[in-house]
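Visitor: Quick one: this structure, given as structure tokens, is what I'll be asking you about.
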Ligand SMILES: NC(=O)c1ccc[n+]([C@@H]2O[C@H](COP(=O)([O-])OP(=O)(O)OC[C@H]3O[C@@H](n4cnc5c(N)ncnc54)[C@H](O)[C@@H]3O)[C@@H](O)[C@H]2O)c1
């Protein structure tokens, strides 16, 4: 059975979630495109969108409709080709309407697993809890014995899911990045047991969805979280060390600022952990802890969660408080673990003292956003890190220490076989995390060898 045939009957588990809704959108659009081709006139295309509540699924319907309208408006020219044989569709607006109607008709929201019977492709994007994933996968396998399973797990070994859910090798990790409809990267994780056919289908689907596929070995955390969790732990350790000389809010502020501005990243490390969710960070730590011989726990993460501070996003997409609290997406206060409250950043004397302590940024500094579209950014990066090597400020020291640790993490992923090559690690960080440079680089080496 070829991929077109498989795409006639699809299921997404956890379809109303952050990742599930984007995956549903991508698949529904591809299925709608296929269904409109003359050769598929006699085929019915159906996507079962499974989640826990009718309310969440109603929200999903609205989201899919609105996004399909946007995508169709943007791609009206391409759609005209798909509809070339439809004489009744003259205006762009008619073509757009017809496509959106098709997308809407393909998505069948349901809270009942039984409705998914006979699926050919199943995408799993429920919360990162092993027993839940195993239980659902096992049930769906019984309903759809021919299905191939694509799991979006961020950290759970695919071989474990295969064995525990009895999938007989018909499973692969297909790890989209958030948001799936926008992010180009998909990490593809074949277990030792994954069949050739499933692997081939994953490669073909990735191409169809115009994704950049990077393979990762089947080791808990894979490449992306293998780097992110350890990088986050370095930030937490650095902040804990600085907090012994100052206090936690100042230390967290300094490390966050250095990881954003000195490292030229899109956001500081504590903002990134807030964005992902402190609770999600913890889920991934726990899974990696369970499978790897390395202590990846951290007292500060555990303490934040004990105090009920978990970050993540509200249903309207705005940022919930975590290490920072936010207004219009910008940090406005930092959490004080002792006082159990937020300390405002605006005009604070302690913040001025912290900035003085970090010292100046290199001359000619341009932030991440300014360098993002610069074709000569390689030169700018070399000049930036070349200057940091020579600067005797606390900011430069923290930054180069971070660069060194990030490089070690990246190199360890290659040396341990999680990534096939340095380019794969660098590719995951540049395309999945929007870094301007990969962790395996020569930056700051002059400083670390001094
Ligand atoms: N959020 C990210 O940035 C991100 C990135 C890559 C991968 N992932 C992975 O994707 C998966 C989903 O993460 P998310 O952030 O979208 O989580 P989420 O909490 O936003 O969504 C999970 C969805 O699963 C649903 N669900 C829970 N139990 C269910 C059940 N028994 N049957 C059907 N649906 C059920 C929930 O109602 C929810 O809608 C996880 O494995 C996560 O590790 C997340």
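The values are calculated or read from the model by the stated rules, or taken from the named source; none is laboratory data. In this text, all values refer to a predicted model and were calculated from it rather than measured experimentally. Neighbour counts run over all protein chains shown; Cβ positions are idealised from the backbone, glycine included.
Visitor: Kindly list, by first and then second residue, each pair from a residue in the stretch 145-156 that is in contact (Cβ under 8 Å) with a residue 60 or more places away in the chain and under 16 Å from residue 186 (Cβ atoms) to a residue that is part of a loop (DSSP other than H, G, I, E, B) and within 13 Å of the ligand (Cβ to nearest atom), limited to pairs with Cβ atoms under 8 Å and residues at least 6 apart or on different chains.
Guide: Every condition considered, the pairs that remain are 152/125; 154/128; 154/221; 154/222; 155/128; 155/220; 155/221; 155/222.
Visitor: Looking only at the stretch 369-396, count how many residues are out of contact with any helix residue (DSSP H, G or I) (no Cβ under 7 Å at 6 or more places or on another chain) and surrounded by fewer than 17 Cβ atoms within 10 Å (Cβ to Cβ).
Guide: Number of matching residues: 14.
Visitor: Within the stretch 293-318, take every residue that is more than 16 Å from the chain's Cα centre (by Cα) and farther than 24 Å from residue 241 by Cβ and give me the one that is nearest to the ligand (Cβ to nearest atom). Let's see the steps before the verdict.
Guide: First, pick out the residues of the stretch 293-318 that are more than 16 Å from the chain's Cα centre (by Cα): 293-310, 314-316, 318.
Then keep just the ones that are farther than 24 Å from residue 241 by Cβ; that gives 293, 308, 310, 314-316, 318.
Numbers: 293: 22, 308: 18, 310: 12, 314: 12, 315: 10, 316: 14, 318: 15 Å.
Out of the qualifying residues, it is 315.
Visitor: Additional query: Sort out for me the helices (runs of 4 or more DSSP H) sitting completely within the stretch 286-388 that have 1 or more residues that are modelled with pLDDT of 95 or more and within 25 Å of residue 226 (Cβ to Cβ).
Guide: Numbers: elements: 299-306, 349-358, 368-372.
So the answer is 299-306, 368-372.
Visitor: For residues that are buried (at least 16 other Cβ atoms within 10 Å of the Cβ) and within 13 Å of the ligand (Cβ to nearest atom), scanning just the stretch 137-147, find the one that is nearest to residue 179 (Cα to Cα). It would help to see each step written out before you state the result.
Guide: If we filter the stretch 137-147 for residues that are buried (at least 16 other Cβ atoms within 10 Å of the Cβ), which is where we start, we get 137, 140-141, 143-144, 147.
Within this subset, residues satisfying the condition of being within 13 Å of the ligand (Cβ to nearest atom) are 137, 140.
On the way: 137: 23, 140: 25 Å.
Among them, the one singled out is 137.
Visitor: Please enumerate the residues belonging to the stretch 251-269 that are within 23 Å of residue 299 (Cβ to Cβ), crowded, with 24+ Cβ neighbours inside 10 Å and away from the ligand (no atom under 16 Å from the Cβ). Can you show your working first?
Guide: Looking only at the stretch 251-269, we keep the residues that are within 23 Å of residue 299 (Cβ to Cβ), and these are 251-259, 268-269.
Next, from what is left, pick out any that are crowded, with 24+ Cβ neighbours inside 10 Å: 252-256, 258-259, 268-269.
Once the filter is applied, which keeps residues that are within 23 Å of residue 299 (Cβ to Cβ), crowded, with 24+ Cβ neighbours inside 10 Å and away from the ligand (no atom under 16 Å from the Cβ), the stretch 251-269 yields 252, 253, 254, 255, 256, 258, 259, 268.
Visitor: For the stretch 148-161, how many residues meet the condition of being away from the ligand (no atom under 14 Å from the Cβ) and touching a helix residue (DSSP H, G or I) at 6+ places or on another chain (Cβ under 9 Å)?
Guide: Residues that pass the stated criteria total 1.
Visitor: Can you tell me which of 92, 40 is away from the ligand (no atom under 16 Å from the Cβ) and in contact (Cβ under 8 Å) with a residue 24 or more places away in the chain? Outline the logic, then answer.
Guide: On the way: 92 fails: in contact (Cβ under 8 Å) with a residue 24 or more places away in the chain.
The match here is 40.
Visitor: Report every pair of residues separated by at least 6 positions or lying on different chains whose Cβ atoms are under 8 Å apart, first residue within the stretch 412-431 and free of Cβ contacts under 8 Å to residues at least 60 places away in the same chain, second surrounded by fewer than 17 Cβ atoms within 10 Å (Cβ to Cβ) and part of a helix (DSSP H, G or I).
Guide: Sorted first by the residue in the stretch 412-431, then by its partner, the pairs are 422/411.
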